[in-house]
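Read-outs: derived from the displayed coordinates by stated rules, not from any lab. Because the structure is a prediction, the values reported are computed rather than measured. With ideal geometry, Cβ positions are generated from the backbone for all residues, glycine too; neighbour counts draw on all protein chains shown.
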Number of protein chains: 4
Amino acid sequence: MADEERVGVGVVGLGYWGPNLLRVLSEMTGVHVRTICDLDPERLARFARRHPSVRATVRLEDVLEDPQIDAVVIATPVFSHYAIAARCLDAGKHTFVEKPLAASGEHARDLVSRAAEQDVRLMCGHVFLYSPPVRAVADMLRDGHLGEVYFISSSRVNLGLHQRDVSVVWDLGPHDFSILLSWLGESPTSVRAIGRDSIVSGLPDVAFIDLAFASGVIAHVELSWLSPSKLRRTVIVGSERMIVYEDGGIEPLRIFDHGVVYRDPETFGEFHLSYRTGDIVSPKLDTAEPIALELEDFFGLIRRGRSRADHLELACDVVGLVEAAETSLSRDGERVPFEGTYGQVAGQTD
Amino acid sequence: MADEERVGVGVVGLGYWGPNLLRVLSEMTGVHVRTICDLDPERLARFARRHPSVRATVRLEDVLEDPQIDAVVIATPVFSHYAIAARCLDAGKHTFVEKPLAASGEHARDLVSRAAEQDVRLMCGHVFLYSPPVRAVADMLRDGHLGEVYFISSSRVNLGLHQRDVSVVWDLGPHDFSILLSWLGESPTSVRAIGRDSIVSGLPDVAFIDLAFASGVIAHVELSWLSPSKLRRTVIVGSERMIVYEDGGIEPLRIFDHGVVYRDPETFGEFHLSYRTGDIVSPKLDTAEPIALELEDFFGLIRRGRSRADHLELACDVVGLVEAAETSLSRDGERVPFEGTYGQVAGQTD
Amino acid sequence: MADEERVGVGVVGLGYWGPNLLRVLSEMTGVHVRTICDLDPERLARFARRHPSVRATVRLEDVLEDPQIDAVVIATPVFSHYAIAARCLDAGKHTFVEKPLAASGEHARDLVSRAAEQDVRLMCGHVFLYSPPVRAVADMLRDGHLGEVYFISSSRVNLGLHQRDVSVVWDLGPHDFSILLSWLGESPTSVRAIGRDSIVSGLPDVAFIDLAFASGVIAHVELSWLSPSKLRRTVIVGSERMIVYEDGGIEPLRIFDHGVVYRDPETFGEFHLSYRTGDIVSPKLDTAEPIALELEDFFGLIRRGRSRADHLELACDVVGLVEAAETSLSRDGERVPFEGTYGQVAGQTD
Amino acid sequence: MADEERVGVGVVGLGYWGPNLLRVLSEMTGVHVRTICDLDPERLARFARRHPSVRATVRLEDVLEDPQIDAVVIATPVFSHYAIAARCLDAGKHTFVEKPLAASGEHARDLVSRAAEQDVRLMCGHVFLYSPPVRAVADMLRDGHLGEVYFISSSRVNLGLHQRDVSVVWDLGPHDFSILLSWLGESPTSVRAIGRDSIVSGLPDVAFIDLAFASGVIAHVELSWLSPSKLRRTVIVGSERMIVYEDGGIEPLRIFDHGVVYRDPETFGEFHLSYRTGDIVSPKLDTAEPIALELEDFFGLIRRGRSRADHLELACDVVGLVEAAETSLSRDGERVPFEGTYGQVAGQTD
């Protein structure tokens, strides 16, 4: 590995999210940002001034052809993910792609194949999977603290920002889809979505999406760029506990020790229900920065020379779910079956 | 009219809601509660003690055969609404039925016919239509203060109370359906619902319902008896303003002077969007008790000898919508077309 | 005891709070409300109709002279507490007086003496001492869960209701003073208060009160009838935990496992501080009605023939603290020393 | 003026707040940051890397002796303000000092004198005076929208950060004092404070402060480094409206159109009160950054060659109020008279 065991890195795309990745990469030990690349010379110059020792270029080739660049971190618009990532992989670079992995399931799977062929690491930036509250819920679910999960209901709404070329489902859906898959350890079997293109014709800015899982769990996701106030709230209802997760809130997790006690009807009797309410706990959460954790994971994979099949399956299924939701949207809410690969092979998830 | 111009009233059903109606009726001038009726002798005796001058009976006939009873107020379980109300109407009594009007659209319309035949007044207790925040929103919508309505998203969730014989859609749906119809002045053209019978097999306790309207408005309604905390929140998003309505909150209405400004693309240009955020206002609302307003309306109709066709159309459509949602639920979310009558005839709504 | 072991009770005063006491007394087993008494004949008639088997009278003598009345519950205006309670005690009746016990410390202590002379029970209706969150905090403090208490800051504010003849300190102060004394197990050693008579000249409607305790705890109490919104919030800061108590809130207690870790300076070093933040818990609380608990306590004392010296000391000290705060108010915030009796004799508090 | 009409600036002190000033200064047109100065070489080096064209030095002389530096911005620890600012002023530099202006009223006034002697501009960084909600309240008060102000109650509490050498009054008090003075247009006539040194002996970390104004307004300020959660909330109660200002909240200002209507007693009658509640409005506020506005003001004064006597009087009185509060704290809450100069001369406030 180049540069005395430091991983040489190129960063491609310095728009909305790229600067965050660049900032964290710059502060990581064991990582050396060698090159930044963006098509906009003015933007490039701005970051070049802040990082005088880093090479700045508008040419992707300068990244691909540099033998001291081991890994590329891509944060370009969604529809360029595939083309750029494919070139990086083919050039033998480990590749980190901001979510979603690609703009179609087919392209996403093709990237996974190329990474396997080249024996390099591929990872998708589903940063919420590294967020402390999301991880805490995943741990509780894995340990059975919630009992049987009945349903999950999520709202991710805000006033803005309308994207120019993709619907609210492409913009916000990957967040919820990645979280749901990682929590439930499976992909849904069907998707349904309705919505409306309120402001720009042809560009849905509000969507209501239902996901059905083989386990019986149903998940509902409301996405919108048209909301009076920002809300990022997910409710998980289990037989033993219920959780409210509010991303960005002062107390992002609130765990309700509530439940329903059901007793089967006796011989001639009726069933009996009682409601149990207990303590409500806002657990102290880890304060680690998710973006740093996810990049450390990426460099860990590189160092250990191992891929994470489950992560790539999740990333591909997220793209497939966005596609399926868009299909359902275009068919006015028709149920669209989904065949994912995430969670299908026992023991694969770490 | 009996009793020197006071309307003689019988109250049938003293379970959950009947006592509230009885309390308000007892305090109304111009109204004389003559008889209370319930099948449970113990419950009957309890209310008889509080109202010593009122006749208490387990026999509906005692109500029907009393010539001094002009009007009957019915608050029995949903599945008995039709049978009891039909007998009251046939006996020539003005009839007030707690919502929903009946357990099927056919029965609901049959009650309307009977009321017309007997030339007596029929009314359904959609009490939310008399709630000050619901009325304030209706006024704003009618006056165009919200601009074009894009969508409405509502959550009506709580921990409990599971009903023994009807789903959460029959229990909570009529609230939202009646509110939506009165606000939008039209019935939806199709309904879709998914849900789950989490606790009692065959009894859905959570449902996500989509309603599509001819005007393009989409409405989404989440209903649940399985929620960590009570929430009764409706968001109405219009082109000029947005409203958050939280029933029972300290500030039940919050009006956001927010919007999106869209400018069409010029010759070779792209469209341009900007977000406008203005003041947020919690208006001072009327403090009248909805249940008193609705009963005054009922007695007003009796006194003036007039029916309200629009009200009965709304009440019938609400029943039809619950039926349609249940059908969709049983078909796993299939779109069920709906042909309502509410709002179809111009000028009928008062 | 009269009436086959049931305690015969007279209720004197049916204004703001008396009806609540009457309602609970009517539903208690082992208690027989024989007589209600109020100077306002119209008000008296209203409650007589609801309680047809109870004697209604405007004459206190009818209560005092009835040998079947064992106990009197008094909920009249503050300035009549002493005169009425003294007559009840002298007539040999067990006596419950709504808080504050009297309008002066001297009168309060005189009532305690009369009760002792007659060997009857005397109790003051400090209902907050029976509220589940107040009791839960008291338990935590007694068990040392908060560590050393540093300070307590309380706000009890609302828009209204201005009393006609007493300041906001007489009206709201007894709530906080009784809670503070019961929590800390001691009376303060001095009081300071400033305030303003914003609306009615001579009638303070806002006050800021400081209490200093021998243990070093300082308590601050803000009382006001002039607040944009209702707030009843008390913060208790201890070395191990901190608590926010919001009376009437959905989650009335929130326990913060937070603290400051202080390390003494070493030889030449500086002191070192670190802040510890842990879980936040809203404990499930008992749902018992405080007013029923307090009356059960009163009748328990009667049955067991025992007095509670600590309770009466607290009640007397609360009156004394209101007097001291009023004195300080009139001297523009001068520190007024206070010599209480509550908590001075070890082992007396139960 | 040096550098073709750009104001040459030196920034002294890069600890907690200095970096914010440096960031904004770097982005201002018409301003040229020439030199940064800090005693900590490591910290200095860090900022030097980010600002490669700026001279970095540990010697204040390098700032004072540079003829191209017109103005110095000081953000050092409180107890060094005076010594550094005095040298800057004596060197003929326009001087901006982070709040508080100095560690004693005497020193503060001495700095004002030196600025006058040298005819250079002096300003103190009371940044809250430039915060949009504070300005909006000031405008409403000036225009009489609140009617007569009865009282103001403020809480500024947090968990941490204990300062090493100054009490919570020196740390947080200047915020509230500067806001109160600017709102009311006058300085208080007396101050009273009690508090406790809960964690570090001799270093008060909680204080309750009362300020009395000649107009009759009373203000109460709670300051603490020991609070379970951050709260920066000020309530202003006027005869016509009431305001809740929560710094940093999503809706920092909420204006309540509430009030009390008092009618004088008639000949033999009693006074009559009624409570009026109206709309609650969260006004849309300017989003300008306060720190940029305050620095623009400073450079505006420099360009126009004018001083702002009222601003300096306010800054001196804030220091004096902190001193007075500390005196009262040390005398266990004794009232300390205060003779301020702010607002004493009519027409001086701009």
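Can you list the copy-to-copy distances for D:V261, using a point 7 angstrom from Cα toward Cβ, in nanometres, shortest first?
In ascending order, 4.0, 5.4, 6.0 nm.
Taking the radius of gyration and the Kirkwood hydrodynamic radius from Cα positions alone, what is the Rg/Rh ratio for region C:26-92, to two decimal places?
We get a ratio of 0.95 for region C:26-92.
How far is helix D:132-142 tilted, in degrees, relative to the longest principal axis of the Cα atoms in chain D, given as a value from 0 to 90 rounded to the nearest 10?
The two axes meet at around 50 degrees.
Restricting to DSSP H runs of at least four residues, report the calculated mean residue ellipticity at 222 nm for chain B, -39500 (n - 2.57) per run over all residues, nearest 500 deg cm²/dmol. Walk me through the numbers on the way to the answer.
Values: 9 runs with 114 residues, N = 350.
It lands at -10500 deg cm²/dmol.
Between the DSSP loop rule and a limit of at most 15 other Cβ atoms within 10 Å, which trypsin sites (Lys or Arg not before Pro) in region D:37-134 are left?
The qualifying sites are D:R59.
Which length gain, in nm to one decimal place, applies between B:E240 and B:E42 when the Cα-Cα distance is subtracted from 0.36 nm times their residue separation?
In short, 65.8 nm is gained.
Along the principal axes of its C-alpha atoms, what lengths does chain C span, in descending order and rounded to whole Å?
79, 46, 39
Taking each residue in D:225-236, count the Cβ atoms of any other chain within 10 Å of its Cβ, then average. What number comes out?
Details: counts 3, 11, 7, 14, 10, 1, 2, 0, 0, 0, 9, 1.
Averaged over the peptide's residues, the number is 5.
Measure nothing but the geometry: give the 0 to 90° angle between the long axis through the Cα atoms of C:105-118 and the longest principal axis through the Cα atoms of chain C, rounded to 10°.
The two axes meet at around 50 degrees.
From the residues D:A103, D:V120, D:L161, which one has its Cα farthest along the dipole of region D:88-177 in the positive direction, the dipole being from +1 and -1 charges on Cβ of Lys/Arg and Asp/Glu about the Cα centre?
Result: D:L161, furthest along the dipole toward the positive end.
Apply the Kirkwood formula to region D:84-157: the hydrodynamic radius equals the inverse of the mean of 1/r over all pairs of different alpha-carbon atoms; give it in Å with one decimal.
14.7
Please find the FRET efficiency linking D:R276 to B:E106, where r is the Cβ-Cβ separation and R0 is fixed at 56 Å, and quote it to the nearest 0.05.
0.60
At 7 angstrom along the Cα-to-beta-carbon line, where would the label on C:A138 sit relative to the other copies? Give the distances in nm, shortest first.
Here the equivalent label points are 4.8, 5.0, 5.0 nm apart from this one.
How far, in nm to one decimal, is C:G216 from itself in the other copies if the label point is set 7 angstrom along Cα toward Cβ? Shortest first, please.
Label point to label point, same position, other copies: 4.3, 5.8, 7.0 nm.
Over all distinct alpha-carbon pairs, what is the Kirkwood Rh of the protein assembly as shown in angstrom?
36.4
Quick one: Cα convex hull volume of region D:120-210, Å³ per residue?
About 147 Å³ per residue, rounded to a whole number.
Shielding by partners for A:199-209, please: the mean number of other protein chain Cβ atoms within 10 Å of each residue's Cβ.
Neighbouring Cβ atoms belonging to other protein chains average 4 per residue here.
Can you report the principal axis dimensions of region B:143-190 using only the alpha carbons, biggest first, rounded to whole angstrom?
42, 22, 17
Work out the P(r) tail for region C:220-332: percent of alpha carbon pairs separated by more than 24 Å, whole number.
Tail of P(r) above 24 Å: 59 percent of Cα pairs.
Determine which chain A residue has its Cβ at minimum distance from the rotation axis mapping A onto C, giving the value in whole Å.
So the chain A residue sitting closest to the axis is A:V281, 3.
Please give me, ordered by residue number, the chymotrypsin sites (Phe, Trp or Tyr not before Pro) of region B:1-53 that lie in loop per DSSP and have at most 12 other Cβ atoms within 10 Å.
Within region B:1-53, the qualifying chymotrypsin sites (Phe, Trp or Tyr not before Pro) (loop, at most 12 other Cβ atoms within 10 Å) are B:Y16.
When Cβ neighbours within 10 Å are restricted to other protein chains, what is their mean count per residue of peptide D:150-163? Walk me through the intermediate numbers first.
Numbers: counts 8, 10, 0, 7, 0, 4, 0, 3, 1, 9, 5, 2, 5, 0.
The shielding value for this peptide is 4.
For chain A, give the share of DSSP beta bridges that are antiparallel, in percent and rounded to the nearest 5; count only bridges with both residues there.
Expressed as a percentage, antiparallel bridges in chain A total about 60.
Charges only on Cβ, +1 for Lys and Arg, -1 for Asp and Glu: so what's the dipole of the protein assembly as shown about the Cα centre, in debye to the nearest 20?
The dipole magnitude comes to about 0 debye.
Starting from region D:128-175, pick out the trypsin sites (Lys or Arg not before Pro) whose DSSP state is loop and whose Cβ has at most 12 other Cβ atoms within 10 Å.
Within region D:128-175, the qualifying trypsin sites (Lys or Arg not before Pro) (loop, at most 12 other Cβ atoms within 10 Å) are D:R164.
Mind pulling the angle between the C-alpha long axis of helix C:290-304 and the longest principal axis of chain C? Nearest 10 degrees, somewhere in 0 to 90.
For C:290-304 against chain C, the angle is about 60 degrees.
Label 7 Å along Cα→Cβ of B:T189; region B:207-235 residues with amide nitrogen under 17 Å?
Under cut-off, by backbone N: B:210-220.
Anything over 22 Å Cα to Cα? Flag those among A:K230/C:K230; A:K284/C:K230; A:K230/C:K284; B:K284/D:K284; A:K284/B:K230; C:K230/D:K230, in the order listed.
In this structure, A:K230/C:K230; A:K284/C:K230; A:K230/C:K284; A:K284/B:K230 exceed 22 Å between Cα atoms.
Would you mind telling me the antiparallel percentage of the DSSP bridges in the protein assembly as shown, rounded to 5?
Taking every DSSP beta bridge within the protein assembly as shown, about 60 percent pair in antiparallel fashion.
Which shape class applies to region C:1-138: rounded if a/c is under 1.5, otherwise prolate when a/b exceeds b/c and oblate if not, where a ≥ b ≥ c are the square roots of the Cα gyration tensor eigenvalues?
Since a/c stays below 1.5, the shape of region C:1-138 is classed as rounded.
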